[in-house]
Amino acid sequence: MTKLVLAIINNDDSAIATSALNAEGFFVTRLSTTGGFLTVGNTTLLIGTEDGKVERIKEILSRTCATRRQLNPSSQNYGKGLKSFSPADEVTVGGATLFVLGVEQFEKL
Ligand code: 2BA
């Protein structure tokens, strides 16, 4: 174990990302976290691995946490029910923010 990958991802992507990582033999810890800017919940994955496998983790996360545009009901529509014709807000969701740290020691006691 030489690296710790810390990946901050969208909550909606966390189940599929984790199962894709597990399917390839990676061990994953999922933390429920909150973004400091939007103060919305996100998920932080901790993945301990070998040096040479970090690229594979990046490939899996790129595939399972791809960015996409999503339509959210506009706040102008609140309280107007189905009669509302205000446009929806288009926002970007998904993606992953990665930190790759060196591991000094790894033990299971
Ligand atoms: P992203 O850059 O994709 O970041 C998504 C989440 O990843 C962040 O959630 C935060 O939890 C984590 N993150 C990203 N960069 C980080 C870093 N250098 N250190 C530690 N954690 C990091 P939020 O903080 O809620 O940010 C959500 C989105 O708002 C960001 O998306 C970015 O587009 C924007 N944003 C964040 N901070 C900003 C700032 N100071 N000024 C302008 N826009 C900001």
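The values are calculated or read from the model by the stated rules, or taken from the named source; none is laboratory data. Owing to the predicted nature of the structure, the values given are computational and were not obtained by experimental measurement. Note: ideal-geometry Cβ built from the backbone for every residue, glycine included; neighbour counts use all protein chains shown. Each accessible area value is taken on the protein alone, full model and side chains, heavy atoms only, with ligands, DNA and RNA left out. Shrake-Rupley method; radii C 1.70, N 1.55, O 1.52, S 1.80 Å.
See the values below:
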item	result
Selected residue (criterion: surrounded by the most Cβ atoms within 10 Å (Cβ to Cβ)) from residues of region 1-11 that are away from the ligand (no atom under 12 Å from the Cβ) and within 17 Å of residue 98 (Cα to Cα)	5
Failed item, numbered, when residue 58 is tested on (1) of a type in the set (Lys, Arg); (2) farther than 24 Å from residue 91 by Cα; (3) within 16 Å of the ligand (Cβ to nearest atom); (4) touching a residue at least 24 places away in the same chain (Cβ under 8 Å)	(2)
Residues of region 13-35 that turn out to be open to solvent by 80 Å² or more (accessible area, probe 1.4 Å) and within 13 Å of the ligand (Cβ to nearest atom), as a count	2
Test for residue 31: is it at pLDDT below 95, more than 15 Å from residue 101 (Cα to Cα) and out of contact with any His (no Cβ under 8 Å at 6 or more places or on another chain)	no
Count - residues of region 1-10 that are farther than 16 Å from residue 60 by Cα and in contact with a strand residue (DSSP E or B) (Cβ under 6 Å, 6 or more places away or on another chain)	2
Region 43-53, residues that are more than 16 Å from the chain's Cα centre (by Cα) and surrounded by 15 or more Cβ atoms within 10 Å (Cβ to Cβ)	48, 49, 53
Boolean, residue 97 is polar (S, T, N, Q) and open to solvent by 90 Å² or more (accessible area, probe 1.4 Å)	no
Region 65-82 residues that are open to solvent by 100 Å² or more (accessible area, probe 1.4 Å), paired with ones that are modelled with pLDDT under 75 and hydroxyl-bearing (Ser, Thr, Tyr) (beta carbon under 7 Å, 6 or more apart)	76/86
Given (1) open to solvent by 60 Å² or more (accessible area, probe 1.4 Å); (2) more than 9 Å from the ligand (Cβ to nearest atom), number of the condition residue 40 does not satisfy	(2)
Residue match in region 86-100 (condition: in a helix (DSSP H, G or I) and without any contact (Cβ under 8 Å) to a residue 24 or more places away in the chain)	no
